[in-house]
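Working notes, beginning with the structure itself.
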Amino acid sequence: MHSTLADYPVLNKVIISVTNDLSTDQRVDKVCQTLTGMGFSVTLAGRLLPDSPVLERPYETHRMYLFFRRGPLFYAEYNLRLFLYLLMNRCNLLVSNDLDTLLPNFIISRIKRIPLVYDSHEYYTETPELINRPLVRGIWERIERSIFPRLTDVITVNESIAGLYEKKYGVNLNVVRNIPRAFVPVVTKTRKELGLPDDRKIILMQGAGINIQRGAEEAIEAMKYVDGAVLLIIGGGDVIGQLKDQARKPGLEGKVMFLPKMPYADLMQHTRLADVGLTLDKDTNINYRFSLPNKLFDYIHAGIPVLASRLPEICRIVEGYNVGMITESHDPAEIAHCINLMLNDEAARVIWKENLAKAASALTWENEENVLKSVYRKYV
């Protein structure tokens, strides 16, 4: 009987799983590229949506078309499909991103006796989508409680969330912040080329998850008190439709623009042309309290000063590097007051610009990935 190549194990083969469609998840893309550079053969598995763009990645991708798109049936279908995919495909390392992919990964890691790395991007059971749904939250809590203490390699996005998990489960976590690669625009476009106003200042709020309690409603309301500027909202989320309705109200005509989510390179072309970047998450739950959003680092790399709400991880960056201001309130008038100061205080803007360059040089994925490499090196 002749052996074929398929009869032998694939060395350094890793399957990484997420529940999104892969197109806008910058953290996971950076992880995949880091592992590819370390010598791993990477496959990133997620789902396919009707509007999912074609992907061009330096690693293999696998997107599953699912019948259900949200709710309990989506998670049940996704986890079953992921379990079958992992069962039928060979690898010698599994990477689970967030709690909604952990169960099938853990079961397969035990069945096949292969290691599992868990990367938790947030304090999942305290997300706004779960805190008011005790039954659903309880299910995810039980899954986490039964698996987390048995994990050996766990990564998360900041020190605060790492501390919460370590206290809860007694497991040491590695912290890898979601910091962009050093940003060098290939082609620099003008505001006119991008359809942006060149006669007004631009206040920017961007993100793939512009959802409830992220301060977008108050940012729009604040524009009633800001002249000579436009609020540009780029991305998607649960409240985009409501925000568009709000922006049509008296006193806000022509003061708010919306653009849909876009590829990262295109997004950063827009970001670098703004005058102030907003990150206004509210301290309404543990997950938001300790958030460290991608947009914060995008603003820094684009060289625009940041107006942020007083959340500990965000303040650690904004105040630590002195790259903007902290608003003490979500009152629209107070937000507007801060915006007006940031747009018109030229001396402060000079200092912020200098500090933004220093922060961007220090806060790069090229520096951050060293922690990631230390976790994965033993599996190469």
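The values are calculated or read from the model by the stated rules, or taken from the named source; none is laboratory data. This is a predicted model, so every value here is computed, not measured. Reconstructed Cβ throughout: ideal geometry from the backbone, glycine too, with neighbour counts over all protein chains shown.
Here are a few things to note about the model shown:
- Residue match in the stretch 297-317 (condition: modelled with pLDDT of 95 or more, closer than 21 Å to Lys201 by Cβ, of a type in the set (A, V, I, L, M, F, W, C) and surrounded by fewer than 22 Cβ atoms within 10 Å (Cβ to Cβ)): no
- Residue within the stretch 338-361 that is of a type in the set (Lys, Arg), under 22 Å from Pro293 (Cα atoms), surrounded by 13 or more Cβ atoms within 10 Å (Cβ to Cβ) and modelled with pLDDT of 95 or more present: yes
- Close pairs (8 angstrom Cβ cut-off, 6 or more residues apart or separate chains): in contact (Cβ under 8 Å) with a residue 40 or more places away in the chain and within 25 Å of Ile161 (Cβ to Cβ) in the stretch 106-122, of a type in the set (S, T, N, Q) and assigned to a helix (DSSP H, G or I) anywhere: Pro115/Ser109; Glu122/Asn287
- The numbered conditions (1) part of a loop (DSSP other than H, G, I, E, B); (2) within 16 Å of the chain's Cα centre (by Cα); (3) of a type outside the set (Asp, Glu) are all true for Pro197 except (2).
- Residue match in the stretch 83-92 (condition: under 20 Å from the mean Cα position of the chain (by Cα) and surrounded by fewer than 17 Cβ atoms within 10 Å (Cβ to Cβ)): no
- Residues within the stretch 51-68 that are without any contact (Cβ under 8 Å) to a residue 24 or more places away in the chain and under 19 Å from Asp29 (Cβ atoms), tallied: 6
- Residues being assigned to a strand (DSSP E or B) and within 15 Å of Ser23 (Cβ to Cβ) - total across the stretch 37-87: 10
- Among the candidates Lys201, Lys168, residue that is in contact with a helix residue (DSSP H, G or I) (Cβ under 9 Å, 6 or more places away or on another chain), surrounded by fewer than 17 Cβ atoms within 10 Å (Cβ to Cβ) and among the basic types (Lys, Arg): Lys168
- Across the stretch 73-82, a minimum of one residue is classified as closer than 27 Å to Val380 by Cβ, in contact with a Pro (Cβ under 6 Å, 6 or more places away or on another chain) and not basic (Lys, Arg).
- Some residue of the stretch 325-336 being surrounded by 17 or more Cβ atoms within 10 Å (Cβ to Cβ), closer than 24 Å to Leu232 by Cβ, without any contact (Cβ under 8 Å) to a residue 40 or more places away in the chain and hydrophobic (A, V, I, L, M, F, W, C): yes
- Among the residues of this structure, Lys261 does not count as one that is in a loop (DSSP other than H, G, I, E, B), among the basic types (Lys, Arg), touching a residue at least 40 places away in the same chain (Cβ under 8 Å) and touching a helix residue (DSSP H, G or I) at 6+ places or on another chain (Cβ under 7 Å).
- Filtering the stretch 280-302 to residues that are within 14 Å of Asn211 (Cβ to Cβ), in a loop (DSSP other than H, G, I, E, B) and either within 13 Å of the chain's Cα centre (by Cα) or β-branched (Val, Ile, Thr) (or both) leaves Thr284, Ser291, Pro293.
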